[in-house]
Amino acid sequence: MKIKTKISEMLKIDLPIIAAPMFLVSYPELVVAVSEAGGIGCFPSLNYRTPEQLREGILEIRSKTKKPIGVNLILHKEHNPNWAKQFEVVMDLKVELIITSLGTPRTIAKEIKANGSALFCDVTTLKHANIVAKSGADALIAVSQGAGGHAGAITPFALIPYLKKETGLPVIAAGAISNGSQMAAALSLGADAVYIGTRFIATPESRAQNEYKQMLIDSSPDEIVYTEKISGIPANWLAKSVERSPEILEDGPKKIAAGHAGGEKAIEQEYKRWRDIWSAGQGVAQIEEVKPAGEIVKEIANEYLQTVNSLPR
């Protein structure tokens, strides 16, 4: 099955379905499963403590699939002091898709293009979208209200067509997308692909704890907490996991500030925060069971086509 969009053509993939890179969740098993199913699997460079381990991780993926993959780089030194060395690794191994967050890719965009890779950037506002567009982004990931992890505050009904009209760049929809009907809605708004995270946590291939996966199944959209107090940046979290560590909402910002001042210490605290408190988006509403990632990709694509064909004419 193939669904043709600007993004699927750009990345040379069959389906415009991107498995969002998730901290401490997305590792080779999940990346390979999604890419082999026709989408593109992605992971964050910060899932590996050192550039050497990052290299080993990518080589492991390459040994299991020849399909395109993506790596997320956080370009903010306080959150990712080693990003420059990580960038060297992903360029050396010719990773097909580079996704940047929390910064501008201005200094690395030309090298990414020369390497034959695509550059996508997470954005939550038009202001940031214009900055990365001028820096050389090939496409924008519109992180809307309801997305898991670091998320924006604008509904996708406004954000997706707004960014597309104002920048002229392809837009990838992110935020509460768990099935094919939601993918159809996103593409009808002008999106050229969907960026799915939370749904892929509840898979055998994700390295999330089993309790985390079950909490996704048991939670409802109104049990998602949107706050900047946990990581220093507004993000969505499972309320049940936040309730187990109420102190983080009280002294979290102080610890974050102290960690930023400590360089590598910041990374250690980041690992602890995301390991103890679990992130998720409002797409938990459509998660009812743990299911293999490849099956999810195919189900989403099939339901997308069924939805499009069933719409009133």
- prompt: Under a Cβ-Cβ cut-off of 13 Å, what is the net charge of the residues other than Ala109 that fall near it, where Lys and Arg count +1 and Asp and Glu count -1?
  reply: +2
- prompt: Which whole-Hz couplings ³J(HN,Hα) result when phi for each residue of the stretch 96-105 is put into the Karplus expression 6.51 cos²θ - 1.76 cosθ + 1.60, θ = phi - 60°, listed in order with x for Gly and Pro?
  reply: 6, 10, 10, 10, 9, 9, 6, x, 9, x
query: Of all the accessible heavy-atom surface of the stretch 1-153, with the other protein chains kept in place and a 1.4 Å probe, what percent is carbon and sulfur?
result: 52 percent
- line: Log entry: pair-distance distribution for the chain, C-alpha pairs binned every 10 Å from zero, whole % per bin is 6, 29, 39, 22, 3, 0
- prompt: What are the GluC sites (Glu not before Pro) within the stretch 150-256 that DSSP puts in a loop, where the Cβ has at most 16 other Cβ atoms within 10 Å?
  reply: Glu228
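State the dimensionless ratio Rg/Rh of the stretch 88-204 (Rg: radius of gyration of Cα atoms; Rh: Kirkwood radius). If you can, show how the numbers build up before the last one.
Working: Rg = 14.2 Å, Rh = 14.5 Å.
The Rg/Rh ratio comes out at 0.98.
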query: Cα-based Rg (one decimal) and Dmax (whole number) for the stretch 145-220, in Å?
result: 13.9, 42
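What net charge is computed for the residues neighbouring Ala20, neighbours being all others with C-beta under 11 Å from the C-beta of Ala20, Lys and Arg scored +1, Asp and Glu -1?
Values: positive: Arg199; negative: Asp122.
Spelling it out: positives minus negatives among the neighbours equals 0.
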query: Check Ser279: other-chain or 5+ apart residues with amide H under 5 Å from its amide H, H built from backbone geometry?
result: Leu238
message: So, taking all protein chains as they sit and a 1.4 Å probe, how much accessible area belongs to Leu30, in Å² rounded to tens?
response: 0 Å²
task: Report ³J(HN,Hα) in whole Hz for each residue of the stretch 230-238, in order, from the Karplus equation J = 6.51 cos²θ - 1.76 cosθ + 1.60 where θ = phi - 60°; Gly and Pro get x.
output: 8, 10, x, 10, x, 8, 9, 9, 6
- prompt: Say the dipole of the stretch 122-193 comes from +1 at the beta carbon of Lys and Arg and -1 at that of Asp and Glu; which of Ser181, Ala129, Ala151 then lies farthest toward its positive end?
  reply: Ala129
message: How big is the dipole moment of the chain about its Cα centre under a simple scheme where the beta carbon of each Lys and Arg is +1, that of each Asp and Glu is -1, and everything else is neutral? Debye, nearest 20, please.
response: 900 debye
statement: For the chain, dividing by residue count, accessible area per residue (probe 1.4 Å) in Å² works out to 43 Å²
field: Sparse-neighbour loop sites [trypsin sites (Lys or Arg not before Pro); the stretch 40-129; at most 10 other C-beta within 10 Å; DSSP]
entry: Lys66
query: Stokes-Einstein D for the stretch 1-88 at 25 °C, 0.890 mPa s, Kirkwood Rh over Cα pairs, in µm²/s?
result: 183 µm²/s
field: Dipole moment magnitude, nearest 20 debye, the stretch 26-118 about Cα centre, only Lys, Arg, Asp, Glu C-beta charged
entry: 240 debye
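The values are calculated or read from the model by the stated rules, or taken from the named source; none is laboratory data. In this text, all values refer to a predicted model and were calculated from it rather than measured experimentally. Cβ sites come from the backbone with ideal geometry, for glycine too, and all protein chains shown count toward neighbours. Keep in mind that these areas ignore ligands, DNA and RNA; they rest on the heavy atoms of the full protein, side chains included. Shrake-Rupley method; radii C 1.70, N 1.55, O 1.52, S 1.80 Å.
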